[in-house]
Amino acid sequence: MLRKPLAFIKKEFWSETSYKTAFIFEIFEALVSILVFFFIDKLFGQKIVGHLEKFNVNYFSYVLVSMAFFSYVGLGLSSFAGKIRGEQSRGTLEAIILTPTRLTTILFSLTLWSLLFATIDLAIYISFGIFLFKIDFSNINIFSTLIIFVLTVFTFNSLGIISASFIMAFKRGNPVDWVIKSVEGLICGVYFPVTVLPVWLQFVAKFFPITYAIRAVQLAIYKGYTPFQLAFEITVLFFFALILVPLSLICFRLAFKKARMDGSLLQY
């Protein structure tokens with residue numbers, strides 16, 4: 001059962017390790033991103049202290065966790081579409097899809113390496129937070145955090161599959177990718193609490209799963225909230241996943257059927 005997913009990991013491993021400086025640049029990029037918000041906190045952090053009382057943290061601690069979490073779960077959004085696009089450009093997509101392998105197995109396998117690499121990226125963020133910036137994570141409720149992670153990964157991977165469906169069917173013009181990257185990071189609490197926004201934007205943010213995920217993970221990590229205390233956020237994320245997982249698979253099957261009938265699997 002794991003033979004084919006492991007083959008995908010091996011392929012991606014040999015591809016990625018051919019660029020030996022990539023990992024060093026990944027660490028440097030993460031540090032630069034963290035330092036930007038560290039100095040923003042020094043300049044303006046006191047102005048939003050009132051909005052952070054619920055989480056019992058300063059601005060830098062808040063944004064470090066949000067960025068690390070969003071970059072990890074947001075991988076699903078770009079990874080599926082990026083992998084599909086990459087296989088199209090190399091002319092290997094048709095060969096992969098037409099093998100005697102289930103579409104769900106292919107989708108799962110395509111992102112395994114990215115998920116492993118994102119885990120390393122997440123560890124880098126957290127390590128900088130603990131050892132360089134002395135952020136206290138001692139109150140973390142690990143069980144609550146894992147529940148939020150799993151539900152959010154399922155939700156974002158589903159959005160990523162829908163995004164990949166647009167790439168497969170139409171090659172360009174991907175509204176899902178644009179909405180998530182342009183809107184969610186801005187209004188859903190990644191870079192600042194949602195309560196900073198005007199009331200009408202706070203209302204709009206309620207329709208995005210990351211709003212509930214960011215709030216829940218902050219409370220689980222910094223205040224040790226239990227799953228019972230996060231019941232509302234967990235329930236909302238569960239229903240997002242329940243709707244989006246089957247919807248994404250239906251979209252991908254329809255996109256694949258369209259591309260196969262059009263003979264456009266190799267076009268990009």
Whole-Hz couplings from phi, Karplus 6.51/-1.76/1.60, listed for the stretch 43-57; x for Gly and Pro: 7, 10, x, 5, 6, 10, 4, x, 7, 10, 4, 4, 9, 6, 9
Subtracting the Cα-Cα distance from 0.36 nm times the residue separation, let me have the gained length for Lys258 to Ser127 in nm, one decimal. 42.6 nm
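If R0 is 45 Å, what FRET efficiency do you get for Glu53 and Ile96 from their C-beta distance, rounded to 0.05?
On the way: r = 51 Å, r/R0 = 1.13.
Rounded to the nearest 0.05, the efficiency is 0.35.
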In this structure, the FRET efficiency calculated for Leu115 and Phe238 from their beta-carbon separation, with R0 = 22 Å, to the nearest 0.05, is 0.60
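Computed from the coordinates by the stated procedures, all read-outs in this text should not be read as laboratory data. Source: prediction; values computed, not measured. Every residue, glycine as well, gets a Cβ built from its backbone with ideal geometry; the counts of neighbours run over all protein chains shown.
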